[in-house]
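These notes concern the structure reproduced below.
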Amino acid sequence: MISDEDLIANADKSLYRAKWRGRNNVCTYEEAELEDAASIKEDVKKIEDFHKRLKNINENIKENCIEYAHDILREIEKGWDYINNHSVRVSRYAEKLTRELLISDDDVNVIKRAALLHDIGMVGISSEILKKNGKLTEEEYNVIKRHSNIGVKIMEKTRLFEKELPIILYHHERFDGSGYPPQAEGRHHSLRGAYTGHCRGI
């Protein structure tokens, strides 16, 4: 049995709904409930639509940022075409592999973007080392190893690639814990190994 308080609340709700409709209107409590439910459903749909469209815009911004980053690098480093083509190939292979693993579309996109950006830190490495013919010295190889950290420092300033940063940092990590940078030097050690294997020769 409905209480006196609930009866008054229901009547009040019906009254406000009738006023909201306009003059000379009568509204039952059942009608008010149905209209409220329909209104809530419509509001939820609008919120979901807004979120979906905003997410698409965010994805486009990230793609444009990556494209512009590579354009800038090609302007300031004439040898970047090779590295850029390598990154594109790595991204394609990474996408194929992750889709075979039935990973979510969102995670696939994160890995694709990280693959495109994984060598972005090479911009901070001497051109003489990058273009050297023959084997690198130990000192030169240690310089090359810095590119992972440099890449993270560059891309974190955009505030767009939070999920991609650990992958960029640890793309030279290996399953056995070797590789670089060492865990003690990494700022994202909790995600160590999120993207392993540099796909050398791709």
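Yes/no per residue for (1) at pLDDT 75 or above; (2) out of contact with any strand residue (DSSP E or B) (no Cβ under 9 Å at 6 or more places or on another chain); (3) farther than 30 Å from K163 by Cβ; (4) not assigned by TED's automatic domain parsing to the domain that holds D105:
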site: R17; (1), (2), (3), (4): no, yes, yes, yes
site: L34; (1), (2), (3), (4): yes, yes, yes, yes
site: S39; (1), (2), (3), (4): no, yes, yes, yes
site: K46; (1), (2), (3), (4): yes, yes, no, yes
site: R53; (1), (2), (3), (4): yes, yes, no, yes
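Filtered by the rule that a residue be within 20 Å of E173 (Cβ to Cβ) and assigned to a helix (DSSP H, G or I), the range 109-137 gives V110, I111, K112, R113, A114, A115, L116, L117, I120, G121, M122, G124. Cβ-Cβ below 6 Å, separation at least six or inter-chain, first residue in the range 84-98 and under 15 Å from Y68 (Cα atoms), second of a type in the set (A, V, I, L, M, F, W, C) and part of a helix (DSSP H, G or I): which pairs? Here the result reads S87/L116, each pair linking the range 84-98 to a residue that is of a type in the set (A, V, I, L, M, F, W, C) and part of a helix (DSSP H, G or I).
Suppose we filter A32, A94 for residues that are among the aliphatic types (A, V, I, L, M), surrounded by 10 or more Cβ atoms within 10 Å (Cβ to Cβ), part of a helix (DSSP H, G or I) and within 18 Å of the chain's Cα centre (by Cα); which single one remains? Before the answer, list the steps.
Working: A32 fails: within 18 Å of the chain's Cα centre (by Cα).
Going through A32, A94 in turn, just one is among the aliphatic types (A, V, I, L, M), surrounded by 10 or more Cβ atoms within 10 Å (Cβ to Cβ), part of a helix (DSSP H, G or I) and within 18 Å of the chain's Cα centre (by Cα): A94.
Taken over the range 59-81, the criterion of being over 11 Å from V123 (Cα atoms) and either modelled with pLDDT of 90 or more or surrounded by 14 or more Cβ atoms within 10 Å (Cβ to Cβ) (or both) is satisfied by E59, N60, I61, K62, E63, N64, C65, I66, E67, Y68.
Can we say S126 is over 14 Å from the mean Cα position of the chain (by Cα), crowded, with 18+ Cβ neighbours inside 10 Å and not assigned by TED's automatic domain parsing to the domain that holds K55?
Working: over 14 Å from the mean Cα position of the chain (by Cα): yes; crowded, with 18+ Cβ neighbours inside 10 Å: no; not assigned by TED's automatic domain parsing to the domain that holds K55: yes.
When the stated conditions are applied, S126 does not pass them.
Mind telling me which of the residues N109, N142, N149 ends up being over 19 Å from E59 (Cα atoms) and either surrounded by 12 or more Cβ atoms within 10 Å (Cβ to Cβ) or touching a residue at least 12 places away in the same chain (Cβ under 8 Å) (or both)? Step through it out loud before you land on a result.
Numbers: N109 fails: over 19 Å from E59 (Cα atoms); N142 fails: either surrounded by 12 or more Cβ atoms within 10 Å (Cβ to Cβ) or touching a residue at least 12 places away in the same chain (Cβ under 8 Å) (or both).
Only one candidate qualifies: N149.
Condition check: modelled with pLDDT under 95 and crowded, with 16+ Cβ neighbours inside 10 Å. Does G177 satisfy that? Spelling it out, it is not the case that G177 is modelled with pLDDT under 95 and crowded, with 16+ Cβ neighbours inside 10 Å.
The values are calculated or read from the model by the stated rules, or taken from the named source; none is laboratory data. Just so we're clear, the structure is a prediction, and the values are computed from it rather than from any experiment. Positions of Cβ are generated from backbone atoms using ideal geometry, with glycine treated the same way; all protein chains shown enter the neighbour counts.
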